[in-house]
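Heads up: the structure comes next, in structure tokens.
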2 protein chains.
Amino acid sequence: MLKYVEETNVVRITEDGRETTKASVIQEVPLTIFLNGRELVTIICSPWQLDHLAIGFLAAEGLIKGRSEIKKVTVDDTRGVVRLKLAASGGLAEELIFKRLITSACGKGITFSSAADIEGLVPIDSGLTVSSGDIFRLVKEFQKNSPLYRETHGIHSAALCSSEKILIFSEDIGRHNAVDRIFGRCLLEDVAVKNLFLICSGRISSEILLKLAKGGVPLLVSISVPTNQAIRLAVNLGITLAGIVRGRRMMIYSHDWRITA
Amino acid sequence: MLKYVEETNVVRITEDGRETTKASVIQEVPLTIFLNGRELVTIICSPWQLDHLAIGFLAAEGLIKGRSEIKKVTVDDTRGVVRLKLAASGGLAEELIFKRLITSACGKGITFSSAADIEGLVPIDSGLTVSSGDIFRLVKEFQKNSPLYRETHGIHSAALCSSEKILIFSEDIGRHNAVDRIFGRCLLEDVAVKNLFLICSGRISSEILLKLAKGGVPLLVSISVPTNQAIRLAVNLGITLAGIVRGRRMMIYSHDWRITA
């Protein structure tokens, strides 16, 4: 039994009839984030590395820009609590942080119709190019990388890659969380992402694209499909968006020059 | 070209090389809900029947219990706005509604460890039984029901069923939204769900289970897998949870007596 997998009693129905057996299911926990002593938000997630997730969540919301803004991080794995204390020089006043977070955690702030509507976002300036061969190889590795997926089929993955290899691999029951974890770890470990790219297992909506734009990653490869708004944002924000990677086939929806032969 | 599908320019890479072509992608829009004249929340969704989604969203959050509480609904499809005016006798004071919605739209209020922690929820009392044969037949029909999925692969579905047939079918780019749309329409049209069941295309987390519990649906069938907390809630709330339906096989995670041979 893998860690973070739970065995549960099930009744299995097959052509041969009905039998009681066991099945492996993925664990889900609530994570509550406290910011400067104040309860901010609770999200449903996977139970590991809650600090990466909490910090990535706040970074994706634009509330933390760099590690220097974080004064202290305390993780209580048992209770599912991460407490963050921001340095006084954090830039945003506390009330503003709460106001903005409630706004965007509820899905607001994304009522855009062009990149100009997205506060503070400018097109990504990165000359990164990656060959399609490297992408196919790394996606294949990415898909083999998750024993939890093979065991439970209940998990999403994300990976930050150079053209040579997967540098950071993350998993979570939520596809948004899997991406937030990558950015959280990058922030904590001062990883520069401007010449790296991201692989995701899930579908790409505008919300995921905005996370990349805020994080400054110039290329996103998804196993799945994007929405029209995700494509529009990618075009406007200078991000290369590729999807439906299967074997040695893929579709490129924007700025295809970054993916070379 | 189907409605709600957009044609986009893509570069397709195959073993034969690189070519510029067209692809069909699903549309995404923001929906902003105003409650009694006050802007409440914006969610990313599919562009149709925004009234069903808005009302289902509020119902799933426990903010509307019945149609009589709704005084007026105005839908502006072009701007993606639904305005709801609740009757003064709506029960909850406006401030309380806003407080609770912000809480749960952000994923809060789900820090439970047992059913007792979930405010106001009692186990579902329904003697509904459905044969596995009827479930297999309806899931097959459910999976054939979406031209949008076949065209774009970017959509989730949900269906409210009797043991005879699919009564209400809904689709949305978000799996939560697809379920909310069902409950929104049921509320608007006074559909009693106590002896009906729901089919969903997506994975089942505790959040989806809570929607069923609040809506009063006793049986959930998913094409995909549940998390451990979704199973725990289903056990505690008297809901039958079945998953991984493939052909004539399925797993039943709780209260299997409702699914007969």
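Some observations on this one:
- Total charge dipole magnitude, chain B, about the Cα centre, Cβ charges on Lys, Arg, Asp, Glu only, Debye to nearest 20: 360
- Pairs from the list B:K72/B:K211; B:K165/B:K194; B:K71/B:K211; B:K140/B:K211 with a Cα-Cα gap above 27 Å: there are none.
- Each residue of region B:127-143 was assigned a 3J(HN,Hα) from its phi angle through the Karplus expression (A = 6.51, B = -1.76, C = 1.60, θ = phi - 60°), giving x, 3, 10, 9, 7, 4, x, 5, 5, 4, 5, 6, 5, 4, 5, 3, 6 Hz with x at Gly and Pro.
- Of all DSSP beta bridges in chain B, antiparallel share, percent nearest 5: 75
- Treating each Cα of region B:121-179 as one equal point scatterer and applying the Debye formula with no solvent, the log10 of I(q)/I(0) at q = 0.12 Å⁻¹ comes out as -0.36.
- DSSP assigns beta bridges within the protein assembly as shown; of those with both partners inside it, close to 75 percent run antiparallel.
- Size of charge dipole - the protein assembly as shown - debye, nearest 20, with Cβ of Lys, Arg +1 and Asp, Glu -1, no other charges: 260
- Here the translational diffusion coefficient of the protein assembly as shown follows from Stokes-Einstein with Rh set to the Kirkwood radius across Cα pairs; for 4 °C and 1.567 mPa s it amounts to 55 µm²/s.
- Binning the C-alpha pair distances of region A:15-76 at 5 Å intervals from 0 yields a P(r) profile of 4, 13, 23, 20, 11, 6, 5, 5, 4, 5, 3, 2, 0 %, listed from the shortest bin outward.
- GNM top mover of B:E15, B:E39, B:E207 - chain B, alpha-carbon springs below 10 Å: B:E15
- Convex hull volume of the C-alpha atoms in region A:110-252, normalised per residue: 104 Å³.
- For A:N195, label point 7 Å along C-beta direction: distances to other copies, nm: 6.9
- Charge dipole (chain A, unit charges on Cβ, about Cα centre) - positive-most of A:F57, A:L187, A:T8: A:L187
- Cα principal axis extents for region B:44-91, largest first, Å: 31, 19, 12
- B:L148 - accessible surface, heavy atoms, 1.4 Å probe, Å² rounded to 10: 20
- Of B:T227, A:T78, the order by accessible heavy-atom surface (1.4 Å probe, DNA, RNA and ligands excluded), from most exposed downward, is A:T78, B:T227.
- Rule-of-thumb Rg ratio for region B:194-256 [Cα; 2.2 N^0.38 Å; N residues]: 0.97
- What separates the Cα centres of region B:228-257 and region A:137-155 is a distance of 25 Å.
- Over the protein assembly as shown, DSSP H runs of length four or greater, each weighted -39,500 (n - 2.57), average out per residue to a 222 nm ellipticity of -8500 deg cm²/dmol.
- Three semi-axes describe the equivalent ellipsoid of chain A; taken as square roots of 5 times the Cα gyration tensor eigenvalues and ordered largest first, they are 29, 27, 16 Å.
- Taking all protein chains as shown and a probe of 1.4 angstrom, B:K214 keeps an accessible surface of around 90 Å².
- In this structure A:M250 has an accessible area near 0 Å², from a 1.4 Å probe over the protein heavy atoms.
- Between identical copies, the spacing of B:G17 label points, each set 7 Å from Cα toward the C-beta atom, reads 6.1 nm from nearest to farthest.
The values are calculated or read from the model by the stated rules, or taken from the named source; none is laboratory data. Treat the numbers as computed from the prediction; the structure is a model and nothing was measured. All Cβ positions, glycine included, derive from the backbone under ideal geometry; neighbour counts span all protein chains shown. Side chains are part of the model used for accessible areas, which takes the heavy atoms of the whole protein and leaves out ligands, DNA and RNA. Shrake-Rupley method; radii C 1.70, N 1.55, O 1.52, S 1.80 Å.
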